1. What does the highest-first list of A:99-110, B:311-322 look like by mean Cβ count within 10 Å?
2. How would A:62, B:274 line up from fewest to most surrounding beta-carbon atoms within 10 angstrom?
3. Counting other beta carbons within 10 Å of each Cβ, put A:190, A:243, A:143 in order, fewest first.
4. Amide H neighbours of residue A:233 under 5 Å, counting only residues 5+ apart in sequence or on other chains, H built in-plane at 1.01 Å?
5. Calculate one ³J(HN,Hα) per residue across the stretch A:223-229 by plugging θ = phi - 60° into the Karplus curve 6.51 cos²θ - 1.76 cosθ + 1.60, and present them in order as whole Hz with x for glycine and proline.
6. Distance cut-off 18 Å, Cα to Cα: go down the list A:22/A:46; B:214/B:254; A:254/B:210; B:22/B:140 and report the pairs above it.
7. Along the stretch B:165-173, what does the Karplus equation 6.51 cos²θ - 1.76 cosθ + 1.60 (θ = phi - 60°) give for ³J(HN,Hα), rounded to whole Hz, x for Gly and Pro?
8. When a/c is below 1.5 the answer is rounded, else prolate if a/b is larger than b/c, else oblate, so apply that to chain B with a ≥ b ≥ c taken from the square roots of the Cα gyration tensor eigenvalues.
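Rule-based calculations on the coordinates, nothing more; no lab input. Nothing here was measured: the structure is a model prediction, and the numbers come from that model. Counting neighbours? That spans all protein chains shown, and the Cβs are built from the backbone with ideal geometry, glycine included.
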Number of protein chains: 2
Amino acid sequence: MKSNPVVAVCGATGAVGQEMLKVLEQREFPYSKIIPMASARSAGKKVEFKGEELTVVELTEDSFEGVDLALFSAGGSTSEKFAPIAVQSGCVVVDNSSAWRMDDECPLVVPEVNPEDLDWHKGIIANPNCSTIQMMVALKPIHDEARIKRVVVSTYQAVSGTGQKAIEELENQTRRLMSGQPVVADVYPHQIAFNCLPQIDVFMENGYTKEEMKMVHETIKIMGDPTIKVTATCVRVPVFYGHSESLNIETQEKMKADDVRALLAKSPGVIVEDYPEKKAYPMPVDAAGDDATYVGRIREDETIENGINMWVVSDNIRKGAALNTIQIAETLIQRNLLRVP
Amino acid sequence: MKSNPVVAVCGATGAVGQEMLKVLEQREFPYSKIIPMASARSAGKKVEFKGEELTVVELTEDSFEGVDLALFSAGGSTSEKFAPIAVQSGCVVVDNSSAWRMDDECPLVVPEVNPEDLDWHKGIIANPNCSTIQMMVALKPIHDEARIKRVVVSTYQAVSGTGQKAIEELENQTRRLMSGQPVVADVYPHQIAFNCLPQIDVFMENGYTKEEMKMVHETIKIMGDPTIKVTATCVRVPVFYGHSESLNIETQEKMKADDVRALLAKSPGVIVEDYPEKKAYPMPVDAAGDDATYVGRIREDETIENGINMWVVSDNIRKGAALNTIQIAETLIQRNLLRVP
């Protein structure tokens with residue numbers, strides 16, 4: 001194997017970019033150099049990495065010379081423009097935006113679920129949507145065991161999924177409301193503090209939001225099974241970190257709640273937290289900062305022959321974004337696939 | 001008809017009791033006297049009604065002499081003890097607790113849905129659980145039109161459903177967190193500020209919470225149809241007023257989203273707010289203080305033959321509690337049923 005890779009973090013000043021740097025450090029990711037990149041607006045800013053200050057470099061067409069791996073989280077249009085340029089320079093891209101997810105040339109990967117899809121990458125690997133990732137981690141073992149036919153999912157999504165400005169908006173609105181002042185909605189179309197917004201991303205023609213349809217389409221691509229049917233309602237809630245999901249699952253084969261618990265307890269990336277007698281179940285404030293996908297409230301749904309209800313929580317910025325991206329990069333290295341074919 | 005009734009409000013100092021007084025005033029409910037009642041602890045306190053201060057009377061076994069109508073919202077054990085005593089004195093009870101809801105001798109009524117069940121009351125009429133009421137208002141027209149087979153519901157419930165102390169807990173925890181202080185959970189088993197708690201009421205042996213099973217059983221009783229299957233996941237969110245519900249509905253007959261919209265738009269107690277192009281959909285902060293059950297995000301669910309997804313929001317303290325209770329009383333008067341048979 002050649003020497004450690006030169007790694008670019010594109011969008012290094014954003015909420016996910018910052019977390020990527022933290023995860024690279026925490027997991028002792030092998031590198032020969034880390035180059036934080038961002039748009040002209042953020043270039044020159046400092047970011048911290050292993051106790052040192054790194055200067056953010058402007059992302060341009062020439063940025064990727066000598067770079068082996070680029071981790072993108074700088075928005076869809078930046079990825080659309082710069083990912084192919086990076087690949088042209090021989091750099092492998094793991095992209096956290098939605099730009100390349102449904103592209104047939106790009107694997108869409110959750111390392112615990114479909115690492116084998118990395119084998120056919122052509123330079124760009126897509127990181128799935130945050131709400132899809134945690135659902136996949138929880139559902140894959142069940143699908144392997146009992147074949148999932150249909151999932152009805154309702155989400156409770158944190159503002160950090162929208163980015164740093166949304167975190168500030170929830171903070172500011174909360175502060176104003178607590179002192180009796182009127183609030184201004186800027187990042188979201190409506191007040192998010194002490195409210196629920198049943199809209200994430202834009203509306204599509206079929207009445208669903210793009211976020212809801214991402215969960216439908218990405219599930220099929222990641223599971224590699226077009227027969228799995230997903231219907232979703234995605235809702236923003238006044239939580240800073242951690243997406244929660246209420247899942248109703250219909251399987252081909254019968255699974256008892258205890259079977260699901262035992263199965264998930266030994267599944268990669270999952271922690272089962274399901275002790276009603278102790279009032280212990282997954283919650284976003286507990287999951288924040290953690291790597292695992294937490295599953296609890298596992299119950300048989302008696303309204304159908306083979307039904308299970310469960311509650312799935314994970315840190316949307318870590319497993320839902322930065323961590324999964326870096327786990328993809330780690331898997332590329334392990335499989336000796338960190339090169340443009 | 002005899003003269004206007006003497007009305008007791010039992011639990012007059014609580015969140016729902018206070019709202020009952022407000023609703024009685026706003027709707028110009030006919031009365032000859034309003035008597036606020038509460039436990040010894042709250043007796044002597046003042047409550048406002050039509051600009052006047054009324055002194056809260058202690059609720060005892062002798063309280064109901066000469067009272068025609070008692071509106072109870074003082075907790076299950078108070079209702080269990082005092083409702084039969086009230087009926088004994090010739091007083092009709094509309095009870096907001098869960099004590100009498102599943103009793104075969106007590107009708108469980110949402111006036112828009114099953115007013116005819118008032119005909120067989122024997123003195124005690126039960127007001128359904130808040131999350132059930134708004135679901136019933138939205139589902140009854142669909143059931144009449146297309147027969148509902150199954151409902152998968154996930155709730156987003158406001159803290160006011162727990163009472164005044166929970167409102168204060170969310171306020172206090174929020175204030176402390178915003179100034180970087182640790183929080184104490186007192187009313188709820190865990191922090192509610194900036195969090196989601198997938199537990200409402202206590203856990204049952206089957207792993208569901210009591211709140212979730214209320215939605216299952218109360219639906220069947222109110223709809224008068226044991227074939228409707230409901231499976232529920234009930235979650236507390238950091239919202240002060242207004243419960244939201246994500247509903248996935250399977251019907252016998254096909255209904256298009258437009259048909260559902262048209263049907264609900266003309267249904268009693270429902271306001272359809274479903275304009276994705278304007279980012280207009282129901283939200284708890286908008287529904288708070290209102291009487292209607294708001295329905296939006298109406299979409300066909302293509303994963304089953306006859307499926308509909310929708311988002312239902314209502315003020316849990318008004319339609320979910322105080323308003324529905326008083327609408328029951330109004331219907332009793334209209335139907336000349338305000339007497340113990």
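1. Output ranking for A:99-110, B:311-322: B:311-322, A:99-110.
2. With the sparsest Cβ surroundings first, the list reads A:62, B:274.
3. Final ranking by Cβ density, sparse to dense: A:190, A:143, A:243.
4. A:153, A:154, A:155
5. Per-residue couplings from phi come out as 6, x, 9, x, 8, 6, 9 Hz.
6. The pairs that break the limit, which is 18 Å between Cα atoms, are B:214/B:254; A:254/B:210; B:22/B:140.
7. Rounded to whole hertz, the list is 5, 6, 4, 5, 5, 4, 4, 5, 4.
8. oblate
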